[in-house]
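Colleague: Mind looking over this structure? Questions follow.
Since every read-out is calculated from the coordinates, none of them should be taken as a lab result. Since the structure is predicted, the reported quantities are computational estimates derived from the model, not experimental observations. Cβ placement follows ideal geometry from the backbone for every residue including glycine, while neighbour counts extend to all protein chains displayed.
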Amino acid sequence: MTMTTELLISLTILTPVLAVPGILLFGNKQNLREAVSLIAAAVLTWLSLNLFQQLQAGTVLAAQWWELLPGLTIAFHIEPLGMMFALIASSLWFVTVVYAIGYMRGHNEQNQTRFYAYFAVAIAAVMGVALAENLFTLFVFYEVLSLCTYPLVTHAGTDKAKHGGRVYLGILLSTSIAFFLPAMIITWMQSGTLSFTPGGVFADGTSVVLLSVLLLLFAFGVGKAALMPFHRWLPSAMVAPTPVSALLHAVAVVKAGVFTVLKVVVFIFGIDAVQSLPVTQWLIYLACASILLASLVAMRQDNIKARLAYSTISQLGYITLGAFLASANGVLGSALHIAMHAAGKITLFFCAGAIYVAAHKTLVSELDGLGRKMPYTFAAFTIAALSIIGLPPTGGTWSKWTLMLGAVDSDQLFVLAVLALSSLLNIVYLLELPARAFLRSAPASESDHHHGGEAPWPSLLALCVTALSCIVLFFTAGPIMQFLQGISLT
Amino acid sequence: MLSHLPILQVILPLLAAPSCLILGRPALAWGFSFATSAAAMLISMLLLQQVWLEGPISYFLGGWEAPWGIEYRIDLLNAFLLLIVSSLSTVVLAGTRQSVAAEVEANRQTLFYVSWLLCLAGLLGILATGDAFNVFVFLEVSSLSTYTLISLGRDRKALWASYQYLIVGTIGATFILIGIGLMYMMTGTLNMQDLAQRLPVVADTRTVFAAYAFVIVGVCLKLALFPLHLWLPNAYAYAPSAVTAFLAATATKVAVYLLIRFSFTVFGADFSAMDIPLHQLFIALGLIAVFSASLVAILQIDIKRAIAYSSVAQIGYMIIGLGLGTAAGLQATLLHLFNHALMKGALFMSLAAVALRMGSTRLDDLAGLSQRMPLTAMAFVLGGLSLIGVPLTVGFISKWYLVIATLEMGMWPVAALILVGSLLAVMYIWRVVEVMYFRDPPASTQVSEAPVSVLLPLWLLVIANIYFGIDTALPVSVTADAAQALLGWGK
């Protein structure tokens, strides 16, 4: 290996962008076009693994692109949290492309070339967010991500898609311009740096009022974290094709949001400072409320994707909550939950899409008896649901466990009750689907003119792989936690 | 030769205008105007380089030394603006031949280019001169030619718009002339630097105060500062598309320059901060301009008119920066001068392309544009994103500096309002985007993408919007030094 680390980092961010000309060039040749996406995703995963190895070996991984304004650079620096996010996003991109091949063709979607092109750009933006060295770089890629996912959300081009896109972009842009940007500017003026610094950037003795206001601005400014009351964009964005919902709105976009919150808490404020702020307690209450309310709303949703969307809002609440607990275990639990929830939720969305393509069903109440026709899909759904609930043998167990430890560490015992209650609600609204599918019999009246059976094989393969990964994560959680310990140490 | 650059900058387009009349044929006139404008751009590049390396240049017309003769004085501020005006004129001219051929009657096209060159000469003259009366002369040269340019619009309402502007513009110019006359009365000089030295002695007199008031109000009329902006939307909406792009990118910038020059150089920062709360007034008017014009823009049916209102809003931002009265505020204003020229240039150029193909810029006629004119539609989107102030575009740089400048003064409500104002831009841009991308084009007509000769300069501007949003070294360092120089002038 003679590649310099700078080149390696730049390539990691640029690889998806470099795939775009290939995707456009082969716009009319489906197989080649998807091959380009697959190859780019494979290369990206390989590059991320490469970075991971070097990080493990103790190499300092940093790169700088431009100095945009004096003192404000577009620069990258790799630490364990961002590394993990990059690994998740790149590997799941690969799986999602495999899935999309089955879904988009099975569903005869229009404008597939545009879909794959913007998808690649979105992944590049996610990599930029994950590897950012400073808040400014993160903000730039965060905004790019909002904009380049807009055409994906409105892919269908219908009035509903247009409206969904309007809410999506409206909330994400306005929160970032009205709250995130001024918070960043004030931070810059106050501390003179936006670099992510272990222990935070603010000098001791910075006014508590100022810090409290800043924390609030950040918490609401990062609209992608979908903290209530700025969560409406997420259900709206579900008009997107399922692969988009799966990767972007269960993994990349929302995780970019909570990742930003986590980064700000740990590297801009420092967890000690956050813990000492009076406003933190209220943010913890808000996150808890977000968790429970979103679950309650989810229970009332009959549309599968809408139910999953509210489930995501609830689960994002876990991650935000862990960040605001501001203890070592809280942060670790948050970081871990980014990974665990990603694997679980993408599987659930894949299953929802598979059900739509194979059986043309979108409502929970229509699923009766479907388990016999689509056993693999619903088995995968069950596993992923267990992971979201947090039951062994799935990865979600560990993140919830660690979050609970974090709550105890911070003397926030009511959080334990909230987490337990949330698990119960999860059981109700998630396991209802496989229960209906497996235990009830199909309504007799239905004239079954669909071919029955499973979704196209690429989609089925993808969802089985991600479901299995939920189980694998249960057994590999130890090493991951060890790796992530580095967050608070660096 | 190099030492004569300051006068060449002005005299070249001024002499080219009558020569253009002799050429006669529109195609020739266009080529000649383009070449002249390009040469002017080259000269302003050389000037900026020279000023940047060696400091301000004084050039005495006919060898008569100031303050008796007319002095042309080029410092960083006007060198920077000369470059903005001449380069925008060149880029816009490059893309206008078809547009002018389609929108202006054949027998008037040569006249069009003659007026364009005269307008360019007037604008460059205002910028280059160091003589207050000379400013008035060139102001009239540029204004009269602008009235002509606007009245050449296809719609008959253009005549009315032009007449409206003629009345308001004449009042403005008269006010400026009265102001200059009063200053001459008190000091006996017209040279700006000389004025700057002599005015402080008589600063406490009512006459000088009146002079200042006349000049500021006169300039604000030309500037279209709220509530003196009513001429602008009509003038921009009914002028030929190319003229709108040219004026939006240059003419208001020159007016802002005059405001800065008179406030900071001639009267001095101390004087303008003195008796009346002018700074607070500027900030308040600027904010009202941002909100009222943006809201009106959201309601417009004709997109050219909507973007014209957006110009009034953007001028508001510039005036807020000016009203702060600090180096950071001035720098934000100067940066936005440059950045706004780029974004408005790109937006109006893309609308010119639309007008060329569709014959209209009404919102309904833009339906499905993304399918028929994908490159033009995309250019509009990118220009719009820059206007909103998305990172990696020039608009973001402007916003960043302006917000920092207001926060430095502790005016956080102003900063908050500025940011909320930029959300209004999202609304009036996005309603266009939705129509272009989600509505199906009417089936009856066949429309193809704009010709390469239009797309090339259009995309040049779009790329400049992104390039200068990433590599900000040139505008940021030039404006920082220019702002420092302005505040330190009198001392």
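Colleague: If I fit a long axis through the Cα atoms of helix A:181-191 and take the longest principal axis of the Cα atoms of chain A, what angle between them do I get, 0 to 90°, rounded to 10?
Modeller: 30 degrees
Colleague: Now a separate question. Relative contact order for chain A: what percent, with Cα pairs under 8 Å and sequence separation of 6 or more?
Modeller: 15 percent
Colleague: Taking the alpha-carbon centroid of each part, what is the distance from the range B:386-433 to the range B:464-483 in angstrom?
Modeller: 17 Å
Colleague: A further question follows. Let me have the relative contact order for the range B:1-60, percent, based on Cα pairs under 8 Å that are six or more residues apart.
Modeller: Here the relative contact order equals 48 percent.
Colleague: Sort out for me the Cα centre separation of the range A:231-269 from the range B:69-86, rounded to whole Å.
Modeller: Cα centroid of the range A:231-269 versus Cα centroid of the range B:69-86: 50 Å apart.
Colleague: Which lysines, if any, have their Cα less than 23 Å from the Cα of residue A:224, not counting same-chain residues under 8 positions apart?
Modeller: Straight-line reach from residue A:224, under 23 Å: A:160, A:162, A:255, A:263, A:305, A:345, A:400, B:399.
Colleague: Using the basic label-point model (7 angstrom from Cα toward the beta carbon), what is the residue A:38 to residue A:281 distance in nanometres?
Modeller: The two pseudo-label positions are separated by 5.7 nm.
Colleague: Amide H of residue A:76: which non-local residues (sequence gap of 5 or more, or other chain) have their own amide H closer than 5 Å, using H built in the peptide plane?
Modeller: Placed amide hydrogens put A:63, A:64, A:65, A:133 under 5 Å from residue A:76.
Colleague: Would you mind getting me the FRET efficiency between residue A:475 and residue A:420? Use the beta-carbon distance for r and R0 = 22 Å, nearest 0.05.
Modeller: After rounding to 0.05, the efficiency reads 0.35.
Colleague: Another question, then. Roughly speaking, what is the centre-to-centre gap between the range B:6-54 and the range A:423-440 when only Cα atoms are used, to the nearest Å?
Modeller: Each part's Cα centre sits 76 Å from the other's.
Colleague: Right, next: Mind checking the angle between helix A:80-106 and chain A's longest principal axis? C-alpha axes, 0 to 90 degrees, to the nearest 10.
Modeller: 20 degrees
Colleague: Could you tell me what fraction of 2.2 N^0.38 Å the Cα radius of gyration of the protein assembly as shown comes to, as a two-decimal ratio?
Modeller: After normalising by residue count via 2.2 N^0.38 Å, the value is 1.02.
Colleague: Which whole-number percent gives the relative contact order of the range B:1-158, counting Cα pairs below 8 Å spaced six or more residues apart?
Modeller: This gives 29 percent for the range B:1-158.
Colleague: Now, a different point. Taking the alpha carbon gyration tensor of the range A:211-307, what are the square roots of 5 times its eigenvalues, largest first, to the nearest whole Å?
Modeller: Over the Cα atoms of the range A:211-307, the ellipsoid semi-axes are 27, 16, 9 Å.
Colleague: Next question. Given a Förster distance of 35 Å, report the FRET efficiency between residue B:58 and residue B:280 from their Cβ-Cβ distance, rounded to the nearest 0.05.
Modeller: Calculated value: 0.45.
Colleague: For a label point 7 Å from the Cα of residue B:440 along Cα→C-beta, name the residues of the range A:101-123 whose backbone N is under 16 Å from it.
Modeller: In the range A:101-123, the label zone of residue B:440 (backbone N under 16 Å from the point 7 Å along Cα→Cβ) covers A:110-111.
Colleague: What residue among B:102, A:364, B:360 has its Cα farthest toward the positive end of the dipole of the protein assembly as shown, where the charges are +1 on Lys, Arg and -1 on Asp, Glu, each on the Cβ?
Modeller: Most positive-ward Cα: A:364.
Colleague: Give the calculated FRET efficiency between residue A:163 and residue B:25 to the nearest 0.05, with a Förster radius of 41 Å applied to their Cβ-Cβ distance.
Modeller: The formula returns an efficiency of 0.20 here.
Colleague: Label points 7 Å out from Cα along the Cβ direction at residue B:427 and residue A:272: separation in nm?
Modeller: Modelled inter-label distance: 4.7 nm.
Colleague: In addition: Can you pull the one-decimal nm distance between simple spin-label points at residue A:365 and residue A:53, each 7 Å off the Cα toward Cβ?
Modeller: 5.5 nm
Colleague: State the percent of C-alpha pairs, over all pairs in chain B, separated by a distance greater than 42 angstrom. Kindly include the intermediate steps, with their values, before the conclusion.
Modeller: Working: 13426 of 120295 pairs.
Summing the P(r) of chain B above 42 Å gives 11 percent of all pairs.
Colleague: While we're looking at this one, here's another question. Under a no-solvent Debye model with one identical scatterer per Cα of the range A:5-489, what's log10 I(q)/I(0) at q = 0.08, 0.11 Å⁻¹?
Modeller: -0.43, -0.83
Colleague: Do the sum for chain B: with -39,500 (n - 2.57) for every DSSP H run of n ≥ 4, divided by all residues, what is the mean residue ellipticity at 222 nm, to the nearest 500 deg cm²/dmol?
Modeller: Calculated from helices alone, the mean residue ellipticity at 222 nm is -25500 deg cm²/dmol.
Colleague: Using +1 at the C-beta of Lys and Arg and -1 at the C-beta of Asp and Glu, which of B:211, B:37, A:5 has the Cα lying farthest in the positive direction of the dipole of the protein assembly as shown?
Modeller: Of the options given, the answer is B:37.
Colleague: Can you tell me which lysines have their Cα less than 24 Å from the Cα of residue B:157? Leave out same-chain residues fewer than eight positions away.
Modeller: B:222, B:304, B:344
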